[in-house]
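Notes for the one structure printed next.
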Amino acid sequence: MSEKVEKWYPGEGKLTTGRAILYVILVLGLISAVIRLFFGLGSTTNLSDAYPWGLWISFDILSGVALAGGGFTMAAAIYIFNLKKFEPLLRPAKFSAFIGYLVFVIGLFFDLGQPWRIWHPMVMWNPQSVLFEVSWCVMLYTTVLGVDIFIMALERWKKYDLVAFFRNIYLVLVVAGVMLSTLHQSSLGALYLLMPEKMSDLWASQAIGPLFFCSAVIGGMGVVTLESFISSWAYKRKPELKLLSSLGKGLGIVLLVYFAMKVTDLYARGATVWTLDKAHFFFYLELFGTVALPAILLTFSEVRNSIKGLYWAAGLSAFGVVLNRFNVSLTSYGGYRDFSYFPSAIEIIITLALIAGGILIFDWGTRYLPVYHSELSGKTS
Amino acid sequence: MSKAMLIDTTRCIGCRGCQVACKSWHNLPGERTTFSETWSNPRYMNSNNYTRIIFREVAQPEGKLNWHFIKRQCMHCLDPACESVCPVGALIKLKDGPVVYDDYRCIGCRYCMMACPFQVPKFEWGKAVPLIRKCDFCADRIEIGLAPSCSTTCPSQALVFGDRGALLKEAHRRIGAHPGKYYPEVYGEKIVGGTAQLYLTPVSFEVLELDHRGFRTDLGNVPYGIYGREWMSKVPWVALGVGGLAVGLHYINQRRAEVQDQKSQEGKED
Ligand code: SF4
Ligand code: SF4
């Protein structure tokens, strides 16, 4: 058995089966991307006038950004709430957040009808547009994360005087990151404030901004946990179980808060909750299967102290965030149209390739950058 | 004064002259169409069809069929949702009334398509580098004092172009002068804060079953842009609040930890 597992381990940069598959997906994605650029959205995607936004908006953008919420969540926990014990989780969280945003920007590039004008919001302003604000926040936040990664690179290059300089202004970066994240995580939800009539009652809420923010914290914590397990498996490290179980406790609390927010919102708006159709099925799955269930699971200390238990709870909650984004952007909209939408092969391949690319960059980064340890003795940042 | 168009559907004879006039003014290609379950032709508005006449047959209780012809195109909202959502300001409401689009700004995000309450903006799906297309109220004609080409063509004066105030007055005069002939509400007078297209119909839009054909009746009288603007007006305060809170909490928590450290140190010394 050990041999069988062996070939999946990333190991020391060898071309293992796992990596080979990722590279194949990436190459397929690159080919699809070229086709997409040459032939246009109409012929390569299943998007239409009835469904202007599809898989790429739901997954690459809405879900991707929420799942990359780990960077700002961990930074806030450590620097603002002074929970210093979580420091070992900070660097991987920030690194994966940076990759998440990078993937997001690339995904957005292929989604735009005029990809080469992606910079337009920088110079052409419309301050009443929520999307305008989102593009600025994402741009700035990706820069903040980039500086973070740059500091790691400086450490590797042993430019310690520069590292020291950045350490001095580090709080500025943290505060900017938390502020920008709060804004755009919630504003991504606020995009949907303008289309109440197109959405199912179950998700068309005036509180969608705060709900998106809260679930982004959940997504971030879930991904940090999962990623910690997966990388400890992949790089044969011991998982930081004690740390993760205390993070799991926090995740449980946030899940409870989110559940309460959701229920209060539904109750206050008097939404019809108890019927059976497709939208309600996904709604129940989201609310009970991926919010309530992991929240309950995490109240048991047996769950919180076992790798398997944490794995499931974190996995469910992260999946729930993705499901929520799909529900808001597609399920909810389905009742409005007399048409249906299912992504085309090219849409799916490009999305898979973005994920594969993200994993490969992460894998590369952990080997070349001090992601799991600081090269300076003492304080990690 | 903002311009508008009074669309009296009782006068429309369904000749589709406006569709043709629109195509010739905007130099749009024709479309090979096929038979379908409706007389409306072409079947959908798209990047080549900025306007179309929806044909509705409404059965009367006694079995008689009533024909209705309802023209569809951009409503040129007074406070357009599309203008408020566009991240680069490619859609602009002109003082004269038209809501126009700037080919050179648009990034193709398609948020306007999602946000328009009447599903008007359409995308050039057939092109490699597509733009948004929609009725522009013939802004170029209005600028030089002409009426939009559809209303110029209309043989039965179902499309009357003029000042919005005056047209509204005329609409209500017709409703008052011919009780029973018109449904006593002008679609477009108040919906989403008012539009430049004002519709007079013999029966309500609900009876015409237009909810899934681009004319919803559940939109309310508030311009949708307000929701976005309300959100945006809070953004600077949220930014300041979160920033201030973050800095404050950082120092408080740091200080608290220091004090605790000291205490535990002292405890050990005892
Ligand atoms: S109908 Fe739609 S496209 Fe036309 S002005 Fe109103 S919001 Fe904009
Ligand atoms: S598709 Fe173009 S016009 Fe429409 S909102 Fe996006 S940038 Fe503006």
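Give me the pairs, please: first residue somewhere in segment A:29-48 and at positive phi and facing chain B (nearest Cβ under 7 Å), second residue anywhere and charged (D, E, K, R) and not in a helix (DSSP H, G or I), beta-carbon distance under 9 Å, and either six or more positions apart or on two chains.
A:GLY40/B:GLU124; A:GLY40/B:LYS127
Which ones in segment B:170-199 are of a type in the set (Phe, Trp, Tyr) and outside any loop (DSSP other than H, G, I, E, B)?
B:TYR182, B:TYR187, B:TYR199
Could you identify the single residue in A:PHE288, A:PHE259 that is modelled with pLDDT of 90 or more and surrounded by fewer than 15 Cβ atoms within 10 Å (Cβ to Cβ)?
A:PHE288
For segment B:36-143, which fully contained helices (runs of 4 or more DSSP H) count at least 2 residues that are hydroxyl-bearing (Ser, Thr, Tyr)?
So the answer is none; nothing clears 2.
Hey, can you tell me all the residues within segment A:151-175 that are modelled with pLDDT under 85 and within 17 Å of A:PHE98 (Cα to Cα)?
Matches in segment A:151-175: none.
Does B:LYS127 satisfy the criteria of being of a type in the set (D, E, K, R), away from ligand 2 (no atom under 16 Å from the Cβ) and more than 12 Å from the chain's Cα centre (by Cα)?
Taking the combined requirement at face value, the residue does not satisfy it.
What single numbered condition from (1) modelled with pLDDT of 90 or more; (2) surrounded by fewer than 22 Cβ atoms within 10 Å (Cβ to Cβ); (3) away from every other protein chain (no Cβ under 14 Å) fails to hold for A:PRO88?
Tallying (1) modelled with pLDDT of 90 or more; (2) surrounded by fewer than 22 Cβ atoms within 10 Å (Cβ to Cβ); (3) away from every other protein chain (no Cβ under 14 Å), A:PRO88 fails exactly one: (1).
Tally the residues that are in contact with a Ser or Thr (Cβ under 6 Å, 6 or more places away or on another chain) and either closer than 15 Å to A:TYR51 by Cα or of a type in the set (Lys, Arg) (or both), restricting the search to segment B:124-138.
Number of matching residues: 2.
Exactly one condition in (1) farther than 22 Å from A:GLY64 by Cβ; (2) in contact (Cβ under 8 Å) with a residue 60 or more places away in the chain is not met by A:PHE342; state its number.
(1)
When residues of segment B:106-124 are filtered for being more than 7 Å from chain A (Cβ to nearest Cβ) and more than 14 Å from ligand 2 (Cβ to nearest atom), how many remain?
1
Outside any helix (DSSP H, G or I) and within 16 Å of ligand 2 (Cβ to nearest atom) - does that describe any residue in segment A:57-65?
No, segment A:57-65 contains no residue that is outside any helix (DSSP H, G or I) and within 16 Å of ligand 2 (Cβ to nearest atom).
If you scan segment B:115-128, which residues turn out to be without any contact (Cβ under 8 Å) to a residue 12 or more places away in the chain and either closer than 20 Å to A:SER58 by Cβ or not small (Gly, Ala, Ser) (or both)?
Answer for segment B:115-128, where residues must be without any contact (Cβ under 8 Å) to a residue 12 or more places away in the chain and either closer than 20 Å to A:SER58 by Cβ or not small (Gly, Ala, Ser) (or both): just B:LYS127.
Give segment A:123-176 a look and list any residue that's within 12 Å of chain B (Cβ to nearest Cβ), crowded, with 16+ Cβ neighbours inside 10 Å and in contact with a Gly (Cβ under 7 Å, 6 or more places away or on another chain), or say none.
Selection gives A:MET124, A:ASN126, A:GLN128, A:SER129, A:VAL130, A:VAL175.
Please state which one of A:ALA50, A:ALA77, A:ALA66 is closer than 16 Å to A:THR225 by Cβ and touching a Phe, Trp or Tyr at 6+ places or on another chain (Cβ under 6 Å).
So the residue among A:ALA50, A:ALA77, A:ALA66 that is closer than 16 Å to A:THR225 by Cβ and touching a Phe, Trp or Tyr at 6+ places or on another chain (Cβ under 6 Å) is A:ALA77.
Is it the case that B:VAL88 is buried (at least 20 other Cβ atoms within 10 Å of the Cβ), within 16 Å of ligand 2 (Cβ to nearest atom) and at the interface with chain A (Cβ under 8 Å from one of its Cβ atoms)?
So B:VAL88 passes the test.
Mind checking which residues of segment B:90-113 are more than 13 Å from ligand 1 (Cβ to nearest atom) and not hydrophobic (A, V, I, L, M, F, W, C)?
B:LYS95, B:ASP96, B:ASP102, B:ASP103, B:TYR104, B:ARG105, B:GLY108
Mind listing whichever residues of segment B:1-52 are in contact with a Gly (Cβ under 7 Å, 6 or more places away or on another chain) and crowded, with 20+ Cβ neighbours inside 10 Å?
Within segment B:1-52, B:LYS3, B:ALA4 qualify.
Please enumerate the residues belonging to segment B:227-268 that are surrounded by 11 or more Cβ atoms within 10 Å (Cβ to Cβ), more than 7 Å from every other protein chain (Cβ to nearest Cβ) and either in contact (Cβ under 8 Å) with a residue 24 or more places away in the chain or small (Gly, Ala, Ser) (or both).
B:SER233, B:GLY241, B:GLY244, B:GLY248
The values are calculated or read from the model by the stated rules, or taken from the named source; none is laboratory data. Owing to the predicted nature of the structure, the values given are computational and were not obtained by experimental measurement. Quick reminder, even Gly has a Cβ in these numbers, built from the backbone with ideal geometry, and neighbours come from all protein chains shown.
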